[in-house]
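Okay, structure first, notes after.
The values are calculated or read from the model by the stated rules, or taken from the named source; none is laboratory data. Quantities reported herein were computed from a predicted structural model and do not represent experimental measurements. Counting neighbours? That spans all protein chains shown, and the Cβs are built from the backbone with ideal geometry, glycine included.
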Amino acid sequence: MAVAAAYHWVLLLLAGPCVGSFLGLVAARLPEGRAIAWSRSRCPHCGQVLGWRDLIPVLSWLWQRGACRTCGHGLSWRYPAIELAALGIAIWSLAVTPGILAWASAVLGWSLLALAIIDVRHLILPDEITLPLIPAGLAVTWALDPDRLPHHAAGAVAGFLFVVILRWAYARVRGREGIGLGDAKLLAAAGAWVSWQGLSGIVLIAAALALAGHVIWSALFQRRELTKEIPFGPYLAGGLWLTWLYGPITIGSQ
Ligand SMILES: [Zn+2]
């Protein structure tokens, strides 16, 4: 058992930063409709194709002090930051859901990380990431406990409908779009992973995080743009992540 556990740790810790590199590409290219897999990475300033020495997660950036080896232009800190975040997700997954389940947690966490980054930058949650999470969540449920599958399928439907109804009601009252269909697909994915029983807790956590985020943002930047569109995806992603790892919020007994 100890050997098997160590095996998961080593592989996931190695995979984390590499997946982070890939997520950096996905986050940069997916919203612009550019090819993700089949084009080589280039320096955005001089166009130099990056070699393997430039593509070692985090370390390349540190070695070169965050600058391109050819032209010396600064390279964004975002890339090593995403690589470190992906490593953090791998460690968190291993710590809370050990063994083979850590892989499922990590894949979920990495997908949510990519969604959060893209939503913050572009205010969209791409179908390419939200929709595959629905069958993935159901597959993990089936592998863990097939009897629970109906609850998780119901969760996917309920998650989607909840946002769609909220969206409709908001549009009726305020006359404009309040929450996107991308959020509906993300909450559908959430239902698939944590069943309908986890949904209310996710919405609660997301609302609390969004409120905290708004307060911090206003304090930092002295702005109150309540009418400005804010991305809700990162908060839903945070709620799903915590609920997946630690279980649904229960109020009252126990
Ligand atoms: Zn360059």
Candidate set: segment 47-81, residues that are at positive phi and loosely packed, with under 11 Cβ neighbours inside 10 Å; chosen: the one farthest from the ligand (Cβ to nearest atom) | Arg65
Pairs, first within 17 Å of Pro248 (Cα to Cα) in segment 142-168, second of a type in the set (Ser, Thr, Tyr) and modelled with pLDDT of 95 or more, C-beta under 6 Å, six or more apart | Arg148/Thr141; Leu149/Thr141; His151/Ser195; His152/Thr141; His152/Ser195; Gly155/Ser195
Return yes or no: is Thr130 away from the ligand (no atom under 16 Å from the Cβ) and in the same structural domain as Ala192 (by TED's automatic domain parsing)?
-> yes
Being away from the ligand (no atom under 14 Å from the Cβ), closer than 27 Å to Gly238 by Cβ and among the β-branched types (Val, Ile, Thr), is that true of even one residue in segment 1-15?
-> no
Test Leu209 against the stated conditions and say whether it is out of contact with any Cys (no Cβ under 8 Å at 6 or more places or on another chain) and over 17 Å from Leu245 (Cβ atoms).
-> no
Filter pass, Gly33 being outside the structural domain of Glu128 (by TED's automatic domain parsing), within 26 Å of Asp127 (Cβ to Cβ), crowded, with 18+ Cβ neighbours inside 10 Å and not hydroxyl-bearing (Ser, Thr, Tyr) | no
Can you spot a residue in segment 98-121 that is modelled with pLDDT of 95 or more and not in a helix (DSSP H, G or I)?
-> no
Selected residue (only one of Ala136, Ala171, Ala153 is away from the ligand (no atom under 16 Å from the Cβ), surrounded by fewer than 21 Cβ atoms within 10 Å (Cβ to Cβ) and over 22 Å from the mean Cα position of the chain (by Cα)) = Ala171
Filter pass, Asp119 being within 16 Å of the ligand (Cβ to nearest atom) and acidic (Asp, Glu) = no
Do you know which residues across segment 1-46 are part of a strand (DSSP E or B) and either at pLDDT 90 or above or touching a Lys or Arg at 6+ places or on another chain (Cβ under 8 Å) (or both)?
-> none
Read through the list (1) more than 21 Å from Gly247 (Cα to Cα); (2) in contact with a Ser or Thr (Cβ under 7 Å, 6 or more places away or on another chain), then give the number of the only condition that Gly201 fails.
-> (1)
Sole residue being assigned by TED's automatic domain parsing to the domain that holds Gly239 and at pLDDT below 95, chosen from Val173, Val140 | Val173
Test: residue in segment 56-76 that is farther than 24 Å from Leu144 by Cβ and in contact with a Ser or Thr (Cβ under 8 Å, 6 or more places away or on another chain) = yes
